[in-house]
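Novice: Below: one structure in structure tokens.
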Amino acid sequence: MQATAFEQLNETLYHEKLENGLNIYLLPKAGFSKTYAVFTTRYGSIDSHFKVAGGQEVHVPDGIAHFLEHKMFEKEDRDVFQQFSQNGASYNAFTSFNRTAYLFSSTDKVEANLDILLNFVQEPWFSDKSVEKEKGIIGQEIEMYNDNPDWKVYMNLIKALFQEHPVRIEIAGTIESISKITKENLYQCYETFYHPANMMLFVVGPFEPEKMLQVIRDNQGKKTFKPAENIERIFPQEPVPVKEKRIEEKLSVGIPKCYIGFKETKLGQTGTDLLKRELSTKIAMDVLFSSSSETYQKLYEAGIITESFDYDYSSEKDYAYSIVGGDTPDPDKYIESIQQAIQDTINKGVQKEDFERSKRKKIGQFLRSLNSIEFIANQFTNYKFNDIDLFQIVPTLESIKQQDVDQRLREHFNFDQMAVSIVRSAAANKE
């Protein structure tokens with residue numbers, strides 16, 4: 001077991017890679033009462049086209065990663081939910097564009113709950129009958145999301161930004177796509193992407209690292225796995241231009257929702273380079289749009305934005321995008337105002353005091369976040385799959401210079417790479 005000390009943060013991270021390929025990361029946190037464990041596979045909604053070494057290319061229906069997450073909890077001989085509940089654990093799972101995670105938190109019976117987590121994820125059981133039943137359940141979930149204005153304005157923006165990349169496809173798929181999912185599809189995807197070599201276990205809480213590691217070794221030592229096969233994820237070539245400049249939809253909303261997005265063109269980075277790009281962009285967005293910025297104050301006082309206004313930058317190796325938006329009574333005025341604010345800032349450059357304030361703010365926010373074991377666990381695995389260490393965030397932030405942020409402003413906020421998504425009231429008259 002390898003120990004890495006992060007003296008600046010007073011944290012020590014322990015790592016071991018088992019013979020079956022599973023990477024284990026342990027972060028003991030003295031003084032906490034709760035332990036949080038996340039078992040994650042590098043497999044998400046975008047991984048619908050792939051092949052393994054020596055095999056043929058495989059296309060599976062959209063939404064299958066999310067479908068598989070649902071089915072993993074169902075077992076022929078036991079109730080996983082009841083097992084966790086009897087041990088006083090809170091449990092959950094989620095599927096994103098590029099990963100699927102299973103997790104629990106508990107203050108007691110941590111080792112028993114860890115066994116439950118590892119066992120149910122590593123023991124698939126699917127039947128034709130249960131797969132057909134699940135299609136109805138997930139179909140209702142899809143319909144619910146289709147009627148959700150916040151989800152719709154977000155996904156419509158992604159669909160406007162990207163022409164070919166599967167990030168533009170709904171995570172849960174469509175009712176039509178999930179109707180094609182079979183038990184055989186599920187086993188094929190499970191065997192491909194749920195091998196320990198494609199997974200990561202992260203545990204954080206008040207425990208002894210060696211003792212916790214031995215629990216995991218004992219659990220994994222009782223199981224046998226086929227040799228890991230190299231997975232080739234196949235993605236279409238994404239054109240540089242956005243697919244559509246503007247998408248509008250009408251739903252039941254009291255006030256219109258408007259998201260503006262910018263499609264990243266500087267791709268292919270990993271590790272520290274990817275982290276620096278992400279943090280530089282987030283500082284730029286903070287300078288532009290934080291509640292203390294001139295832009296926010298002007299738009300809020302003018303009634304163009306509301307307290308729902310928010311912004312974010314999502315960054316992966318092969319796709320990235322920023323989003324700025326929220327509720328607005330006048331989407332067109334909002335779009336014009338945001339574009340003008342961006343152009344003005346690009347023209348004059350980021351001011352030193354704004355840069356320094358935002359940088360200090362980001363460092364402070366991250367340090368406070370280390371008091372949340374949920375934040376640590378979820379962010380650690382997300383970054384690690386991109387060869388980034390969560391605990392390098394502070395030194396990377398400290399290394400960022402004002403000119404780095406100015407450069408990101410010019411690179412990323414290119415109006416040729418901009419798209420807009422609007423959801424208006426279904427009751428409103430067509431303009």
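Novice: Can you tell me which residue in segment 388-431 is farthest from Lys282 (Cα to Cα), limited to those that are among the polar types (S, T, N, Q) and without any contact (Cβ under 8 Å) to a residue 60 or more places away in the chain? Full working, then the answer.
Specialist: Initial filter on segment 388-431 (among the polar types (S, T, N, Q)): 392, 396, 399, 402-403, 407, 414, 417, 421, 425, 429.
Within this subset, residues satisfying the condition of being without any contact (Cβ under 8 Å) to a residue 60 or more places away in the chain are 402-403, 429.
Numbers: Gln402: 13, Gln403: 14, Asn429: 37 Å.
Filtering segment 388-431 for residues that are among the polar types (S, T, N, Q) and without any contact (Cβ under 8 Å) to a residue 60 or more places away in the chain, the one farthest from Lys282 (Cα to Cα) comes out as Asn429.
Novice: Let me ask something additional. Inside segment 270-292, can you point out the residues that are farther than 30 Å from Thr306 by Cα and surrounded by fewer than 20 Cβ atoms within 10 Å (Cβ to Cβ)? Before you say what the answer is, go through the steps one by one.
Specialist: Of segment 270-292, the ones farther than 30 Å from Thr306 by Cα are 270-276.
Matches in segment 270-292: Thr270, Gly271, Thr272, Asp273, Lys276.
Novice: Of everything in segment 167-210, what is of a type in the set (Lys, Arg) and in contact with a Leu (Cβ under 9 Å, 6 or more places away or on another chain)? Give them in sequence order. First the steps, then the outcome.
Specialist: We begin by selecting, within segment 167-210, every residue of a type in the set (Lys, Arg); these are 168, 180, 183.
If the condition is that a residue be of a type in the set (Lys, Arg) and in contact with a Leu (Cβ under 9 Å, 6 or more places away or on another chain), then Arg168 is the only one that fits.
Novice: If you don't mind, there's one more thing I want to ask. Of the conditions (1) modelled with pLDDT under 95; (2) closer than 22 Å to Glu316 by Cα; (3) of a type in the set (Asp, Glu), Glu76 fails just one. Which one is it?
Specialist: It fails just one condition, (2).
Novice: Contact list please: Cβ distance under 9 Å, first residue in segment 305-317 and more than 19 Å from Gln269 (Cβ to Cβ), second residue among the β-branched types (Val, Ile, Thr) and assigned to a strand (DSSP E or B), pairs at least six apart or on different chains.
Specialist: That search, which allows pairs on different chains as well, returns Phe309/Val324; Asp310/Ile323; Asp310/Val324; Tyr311/Ile323; Tyr311/Val324.
Novice: Continuing with the same structure: Hey, can you tell me all the residues within segment 293-315 that are closer than 17 Å to Ser280 by Cβ and modelled with pLDDT of 95 or more?
Specialist: Within segment 293-315, Tyr311, Asp312, Tyr313, Ser314 qualify.
Novice: Would you point out which residue out of Ser33, Ser96, Ser45 is among the polar types (S, T, N, Q) and at pLDDT below 95? Talk me through it step by step, then tell me what you get.
Specialist: Details: Ser96 fails: at pLDDT below 95; Ser45 fails: at pLDDT below 95.
Testing whether each residue is among the polar types (S, T, N, Q) and at pLDDT below 95 leaves just Ser33.
Novice: Report yes if Asn20 is in contact with a Pro (Cβ under 6 Å, 6 or more places away or on another chain), among the polar types (S, T, N, Q) and either within 26 Å of Asn230 (Cα to Cα) or at pLDDT 95 or above (or both), otherwise no. Give the derivation first.
Specialist: Working: in contact with a Pro (Cβ under 6 Å, 6 or more places away or on another chain): yes; among the polar types (S, T, N, Q): yes; either within 26 Å of Asn230 (Cα to Cα) or at pLDDT 95 or above (or both): yes.
Here the answer is yes, as Asn20 does meet what is asked.
Novice: Report those strands (runs of 3 or more DSSP E) wholly inside segment 47-115 carrying at least 1 residues which are crowded, with 16+ Cβ neighbours inside 10 Å and over 23 Å from the mean Cα position of the chain (by Cα). Walk me through it before giving the result.
Specialist: Numbers: elements: 49-52, 90-95, 100-106.
Because the criterion is at least 1 residues that are crowded, with 16+ Cβ neighbours inside 10 Å and over 23 Å from the mean Cα position of the chain (by Cα), the strands (runs of 3 or more DSSP E) in segment 47-115 that meet it are 49-52, 100-106.
Novice: Among the residues of segment 192-228, how many are part of a helix (DSSP H, G or I) and either modelled with pLDDT under 95 or among the hydroxyl-bearing types (Ser, Thr, Tyr) (or both)?
Specialist: Pass one, segment 192-228, residues part of a helix (DSSP H, G or I): 192-193, 196-198, 209-221.
Keeping just the survivors that are either modelled with pLDDT under 95 or among the hydroxyl-bearing types (Ser, Thr, Tyr) (or both) gives 192.
Number satisfying all stated conditions: 1.
The values are calculated or read from the model by the stated rules, or taken from the named source; none is laboratory data. Keep in mind it's a predicted model, so treat the numbers as computed, not measured. Here Cβ is always computed from backbone atoms with ideal geometry, including for glycine, and neighbour counts include all displayed protein chains.
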